[in-house]
Amino acid sequence: MKNVRLGLVGCGSRGIGVTRLFKAHPDCRITTLMDRFPAIVEQAGKTLELPVAALFTDYERMLREAEIDAVFLACDPMIQADMACRAMLAGKHVCTEVPAAFTLEECRQLIQTVEKTGMKYQLMEQTRYWGFIDAWKKMHDQGEFGHICLAQGEYIHYANNWDLWTDVKTGERVTSLQRPADREVEPRWRSKVLADPIYYLPHTLSPLLKILGDRVVSVSCLGTKKHSYTYPEEYLAWSDIQYALMRTANDTVLLVGAGFSLPHVPRGPLSAHWYELRGTKASASSPRHKTDGFRLWKQGMTIYQEMDWSPAPLAAGTLQAKSGHGGADFKPVDTFIRSILDNTPLPMDVYTAVETAAPAILAVESARQGGALIAVPDFRLRQHDQQGNSPANGGL
Ligand SMILES: NC(=O)c1ccc[n+]([C@@H]2O[C@H](COP(=O)([O-])OP(=O)(O)OC[C@H]3O[C@@H](n4cnc5c(N)ncnc54)[C@H](O)[C@@H]3O)[C@@H](O)[C@H]2O)c1
């Protein structure tokens, strides 16, 4: 295979944005677009300059008839795990947007389907490729933090008016807190997923677990009541904030929050993201707002040292440097294409992906049970068994 023929499924803002990066990749060709709404896929065809014959509104038909080696899923996140399995069973490689799955059964199905079909599966989580994340990982690998006792982060992404509705005739996004009275709409995926904001835990866990080289073994979660304090008069049955408290196999405590309806001061270079590592020898943190900076403290220092770390990925090529999320968006595009063409390992493979999804799924369950501590399964157990190794087990 000289280049990868790719089909985009879900022609919303994220799908189009990342597909432009696939299109710019020298070893990838966009051959197919699919969306459940004809008007949306027709517009996407014009935007990405594809002929009408390349446009589909039926997923199974696309898998049967389209000239594709791989599928990029950027539709509603709740349906992506099932669609990923169907693509792999049809002999297509697949990459999907975050989060990877919404039930533990889906996590298992994804792993079983990858193992059965041998197709490539990659989660497109990109914040793990930020330059300062790789700098912190290098420091951790060299022992500069000592034992990292606490790793924490937040994904607090406030919008005063999310696009919560879909026009059922056109597929158009409708931005309104209340159900609009003047047109026929259905709730968009954001209405369902963002109401339990900790479902977005994978975005923060992905870089933290990459640094630690670890996995979550147990989780407890608390959130504000399922009735927004920011929008008390509105329809929204959202928790304004949820916080997950987790333990890893190698005994680090993780504390990660998420929220989509809690206002905050304008953010700095990492937008809605924030991270901190607290080790026995050193601590590091990222900026929380515009006048804040990256900071490092090492034993013996009396004040924090300002650091020139940045989100820009280390050794980024031109295409990567210009891509979204501070240059991180191009990286998973490239790792996916390279893996298909050169059979290189995927940094965010199916095991790594479900290790970010399962703690989120169980955090939502924990919040429903008032903060109950729940064990997270080890999805690599079968892999360990086959290799004759026993996995690290930190217990609850
Ligand atoms: N990694 C990131 O930084 C990032 C940022 C934004 C969104 N996302 C993820 O990207 C995905 C899409 O987000 P978005 O903001 O573009 O959403 P969106 O709602 O704007 O777009 C989704 C598109 O999928 C289409 N769709 C729905 N069901 C479909 C189906 N069965 N078959 C084909 N198409 C279908 C919709 O019609 C819509 O056009 C989500 O999984 C989201 O979590 C990731």
Check your understanding: In this structure, does Ala66 turn out to be closer than 25 Å to Asn343 by Cβ, modelled with pLDDT of 95 or more and either open to solvent by 40 Å² or more (accessible area, probe 1.4 Å) or not assigned by TED's automatic domain parsing to the domain that holds Leu205 (or both)?
Key -> yes
Exercise for review: Would you mind telling me which numbered condition in (1) open to solvent by less than 30 Å² (accessible area, probe 1.4 Å); (2) away from the ligand (no atom under 13 Å from the Cβ); (3) modelled with pLDDT under 95 Asn161 fails?
Suggested key: (1)
Point to revise | Condition check for Ala81: under 24 Å from Phe379 (Cβ atoms) and more than 9 Å from the ligand (Cβ to nearest atom) | key: yes
Exercise for review: Kindly indicate whether Glu106 is at pLDDT 95 or above, touching a Lys or Arg at 6+ places or on another chain (Cβ under 9 Å) and among the charged types (D, E, K, R).
Suggested key: no
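Is there a residue in region 53-67 that is in a loop (DSSP other than H, G, I, E, B), among the small types (Gly, Ala, Ser), within 15 Å of the ligand (Cβ to nearest atom) and within 17 Å of the chain's Cα centre (by Cα)?
No: region 53-67 contains no residue that is in a loop (DSSP other than H, G, I, E, B), among the small types (Gly, Ala, Ser), within 15 Å of the ligand (Cβ to nearest atom) and within 17 Å of the chain's Cα centre (by Cα).
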Check your understanding: Out of region 6-20, which residues are open to solvent by 70 Å² or more (accessible area, probe 1.4 Å) and either of a type in the set (A, V, I, L, M, F, W, C) or more than 9 Å from the ligand (Cβ to nearest atom) (or both)?
Key -> Arg20
**Study point:** Selection from region 21-33 of residues that are within 13 Å of the ligand (Cβ to nearest atom) and open to solvent by 10 Å² or more (accessible area, probe 1.4 Å)
**Key:** Leu21
Review point. If you take the residues of region 153-169 that are touching a residue at least 60 places away in the same chain (Cβ under 8 Å) and part of a strand (DSSP E or B), which of them is nearest to Ala284 (Cα to Cα)?
Key: Gly153
Point to revise | Matching residues, region 84-103, being open to solvent by 20 Å² or more (accessible area, probe 1.4 Å), part of a helix (DSSP H, G or I) and within 12 Å of the ligand (Cβ to nearest atom) | key: Arg86
Check your understanding: Looking at (1) under 25 Å from Leu362 (Cβ atoms); (2) assigned by TED's automatic domain parsing to the domain that holds Gly300; (3) not small (Gly, Ala, Ser), which is the one condition that is false for Asp141?
Key -> (1)
Revision key, fill the gap. Cβ pairs under 9 Å, 6+ apart or interchain, first in region 170-182 and within 21 Å of Ile40 (Cβ to Cβ), second loosely packed, with under 12 Cβ neighbours inside 10 Å and at pLDDT 90 or above, ordered by first then second residue, are Arg173/Ser13
Review point. Out of curiosity, is Trp136 buried (at least 21 other Cβ atoms within 10 Å of the Cβ) and away from the ligand (no atom under 15 Å from the Cβ)?
Key: yes
Review point. Does Gln112 satisfy the criteria of being surrounded by fewer than 18 Cβ atoms within 10 Å (Cβ to Cβ) and part of a loop (DSSP other than H, G, I, E, B)?
Key: no
Practice item. Kindly provide the set of residues from region 34-44 that are in contact with a strand residue (DSSP E or B) (Cβ under 8 Å, 6 or more places away or on another chain) and either among the basic types (Lys, Arg) or within 9 Å of the ligand (Cβ to nearest atom) (or both), ordered by number. Key: Met34, Asp35, Val41, Ala44
Check your understanding: Hey, among Lys2, Lys46, which residue is open to solvent by 10 Å² or more (accessible area, probe 1.4 Å), more than 24 Å from the chain's Cα centre (by Cα), at pLDDT below 95 and not small (Gly, Ala, Ser)?
Key -> Lys2
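Matching residues to (1) of a type in the set (A, V, I, L, M, F, W, C); (2) crowded, with 18+ Cβ neighbours inside 10 Å:
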{"residue": "Gln126", "(1), (2)": "no, yes"}
{"residue": "Trp130", "(1), (2)": "yes, yes"}
{"residue": "Phe145", "(1), (2)": "yes, yes"}
{"residue": "Ile148", "(1), (2)": "yes, yes"}
{"residue": "Arg179", "(1), (2)": "no, no"}
{"residue": "Arg188", "(1), (2)": "no, yes"}
{"residue": "Tyr200", "(1), (2)": "no, yes"}
Review point. Do any helices (runs of 4 or more DSSP H) entirely within region 322-374 hold 3 or more residues that are surrounded by 21 or more Cβ atoms within 10 Å (Cβ to Cβ) and within 16 Å of the ligand (Cβ to nearest atom), and if so, which?
Key: 330-342, 350-368
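The values are calculated or read from the model by the stated rules, or taken from the named source; none is laboratory data. All values reported here derive from a predicted model rather than from experimental measurement. Please note: Cβ atoms are built from the backbone with ideal geometry, for glycine as well, and neighbour counts cover all protein chains shown. Surface areas here come from the heavy atoms of the whole protein model, side chains and all, with no ligands, DNA or RNA. Shrake-Rupley method; radii C 1.70, N 1.55, O 1.52, S 1.80 Å.
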